[in-house]
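> Have a look at the structure that comes next, please.
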Amino acid sequence: SPDEIGFVWDVELHHWAWAVGHLRSYLEEYGDLLVPSDFECKDGFPLGRWVGIQRSRAEDGNSSAEYTKELSELGFIWDAEQWMWEQGWRLLRSYIEEHGDALVPFAYVKDNFQLGEWVSAQRKAAETGALTAQRVERLDELGFVWDLEWHHAYESLKAYRREHGNANVPIKYVTPTGFELGKWAKVQRQHKSRGAVADFRKSLTNARLKLLDEVDFVWDAPGALFEANLMRLAAYTRRFGTTLVPSRHIEDGTALGEWVHNIRKNRARLNDDRKQRLDELGFVWGRRGLRTKAT
C-alpha cells in the first residue's frame, strides 16, 4: 500500500516538518535561532531564506496559526528589526571573543553584516534615548564601549597604574601624549559624588564605576593623600625620633615638610580620627611644643 512505502499524502505538511527539522537542528548546534539570511544546511537546504519567508508570511498575515505557534514555541524571532539587532549582538560577541575588545572599526563587515556601522548606530541610539534599557544592559554585559573618549582615558589610567603601581593620579598629571589624566580623574570623582546621571547613562555610569573599581581607582583623593603622607611621617619619625619635619624636607618624592606645616595650620578642619592618629605618632601641634623640642 502507499502507506507502507512512505507515500507522502500532504506535500505541504511534509515539507513544513522537514524545514522545521532543519531549524531544530540549527538551534541544537548554535544555541539560538539567529539564522543568517544566506545560511544553508549541509544538505543544501536554504534555511536562512526559509526563515525570512516565514517572517514575511507572518507579517502579511499569510501564516497559519498552527505553524506560527510551533515556531514561537521554538523561540522563533518574528520581528525583523529585532532579528537584525540580535544578529548584531551575536556578531559583536564573536568579535569580542576574537579580538578581546568591543572597538569595532566602522567599516568592519562580518558575514555580510555591517557590524561596525551597527555598533555606531547603537551609540547614536543611546545618545538620543532610543535604545531600550534591556538592550543597554545586554551590551553592557559584553563590555560595550559607549564613549570612545572615555574609553581612551580609561586606557591611559590603566597605563598610569602599570607604571606607578596605583590609580591615584595627581591633579596636574599629564600623559606623554598631552592628555590631562589628573583632571579627568577629578571629573570621575565629581560624577560619583553627584550620583548617577539622570538619563540612560545611569546604567553606563554604573558600568564605568565598576571598571574604575577594577583598577583600584582612588575615589577619596584627599583621604588617600593623608594616608600616604601619614605613612611617610611615620617613616621619618622612626628615622629621626621626632615629627618635627623641616619645612623644605622631601620624603619619598613628596614635600612632607610642607604637608606637616599645612596639617598644623589646618588643625581645626581635621576630624577626630585623623587627629588621634597623628597624636599617636607624637605629632607636635603648637609653638610651645616646637620650642620644647628645639631645646
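> Most mobile of GLY165, GLY241, GLY52 per a Gaussian network model of the chain (Cα springs, under 10 Å)?
GLY241
> Let me ask something additional. Return the carbon/sulfur percentage of the accessible area of the chain, one whole number, probe 1.4 Å, all protein chains in place. Don't skip to the answer; put the middle values down first.
Working: 9410 of 18550 Å².
Answer for the chain: carbon and sulfur cover 51 percent of the accessible area.
> Which whole-angstrom value gives the distance between the alpha carbon centres of the range 104-161 and the range 64-79?
For the range 104-161 versus the range 64-79, the Cα centre distance is 32 Å.
> Would you report the distance distribution of C-alpha pairs in the chain as whole percents per 5 angstrom bin, up to the bin with the largest distance?
The distribution over the chain is 1, 4, 8, 10, 10, 9, 9, 7, 6, 6, 6, 5, 4, 3, 3, 3, 2, 1, 1, 1, 0, 0, 0, 0, 0, given as percents.
> With a ≥ b ≥ c taken as the square roots of the eigenvalues of the C-alpha gyration tensor of the range 25-114, please select rounded if a/c is under 1.5 and otherwise prolate if a/b is larger than b/c or oblate if it is not?
Details: a/c = 2.16, a/b = 1.88, b/c = 1.15.
Verdict is prolate for the range 25-114.
> For a quick protection proxy, order the peptides 228-234, 97-103 by their average other-Cβ count within 10 Å, most packed first. Spell out each step's value before the answer.
Values: 228-234: 17.0, 97-103: 11.6.
The most tightly packed comes first, giving 228-234, 97-103.
> Using Cα atoms only, what is the angle between the long axis of helix 201-214 and the major principal axis of the chain, expressed in degrees (0 to 90) to the nearest 10?
60
> Could you give the angle, 0 to 90 degrees to the nearest 10, between helix 65-74's Cα long axis and the longest principal axis of the Cα atoms of the chain?
Helix 65-74 and the main axis of the chain meet at about 40 degrees.
> Evaluate E = 1/(1 + (r/R0)^6) for SER25 and GLN134, where r is the Cβ-Cβ distance and R0 equals 35 Å; express this FRET efficiency to the nearest 0.05. Show your work: numbers first, answer last.
Values: r = 29 Å, r/R0 = 0.83.
The pair SER25/GLN134 has a calculated efficiency of 0.75.
> Mind checking the per residue accessible area of the chain for me, 1.4 Å probe, whole number of Å²?
Values: 18550 Å² over 295 residues.
Ligands and nucleic acids excluded, the result is 63 Å² per residue.
> Based on the alpha-carbon gyration tensor of the range 103-162 and its eigenvalue square roots a ≥ b ≥ c, which shape applies: rounded if a/c is under 1.5, prolate if not and a/b is larger than b/c, or oblate?
Numbers: a/c = 2.18, a/b = 1.40, b/c = 1.56.
Oblate.
> So how do 242-251, 12-21 stack up, highest first, on mean other-Cβ count within 10 Å?
Working: 242-251: 15.0, 12-21: 12.8.
Packing proxy ranking, top to bottom: 242-251, 12-21.
> While we're on this one: As a test of the formula, what do you get for the chain when each DSSP H run with n ≥ 4 contributes -39,500 (n - 2.57) and the sum is divided by the residue count, at 222 nm and rounded to the nearest 500 deg cm²/dmol?
Mean residue ellipticity, 222 nm, calculated: -19500 deg cm²/dmol.
> Can you list the residues, at least 5 places off or on another chain, whose amide H is less than 5 Å from the amide H of LYS110, using H built in the peptide plane?
Residues meeting the amide H criterion: LEU115.
> Kirkwood hydrodynamic radius, the range 94-216, all distinct C-alpha pairs: what's the number in Å? Don't skip to the answer; put the middle values down first.
Numbers: mean 1/r = 0.0630 Å⁻¹.
With all distinct Cα pairs of the range 94-216 included, I get 15.9 Å.
> Heavy atoms only, 1.4 Å probe, whole protein assembly: order ASP60, ASP147, ASP79 by accessible area, highest first. Before the final figure, lay out each step's value.
Values: ASP60 110, ASP147 50, ASP79 85 Å².
So the residues, ranked largest to smallest area, are ASP60, ASP79, ASP147.
> On to the next question. GLU81 to GLU155: FRET efficiency via 1/(1 + (r/R0)^6), r the Cβ-Cβ distance, R0 35 Å, to the nearest 0.05?
Numbers: r = 33 Å, r/R0 = 0.96.
So, using R0 = 35 Å, E works out to roughly 0.55.
The values are calculated or read from the model by the stated rules, or taken from the named source; none is laboratory data. Given the structure is predicted, the values throughout are model-derived calculations rather than measurements. With ideal geometry, Cβ positions are generated from the backbone for all residues, glycine too; neighbour counts draw on all protein chains shown. The accessibility values were calculated without ligands, DNA or RNA, using every heavy atom of the protein model including side chains. Shrake-Rupley method; radii C 1.70, N 1.55, O 1.52, S 1.80 Å.
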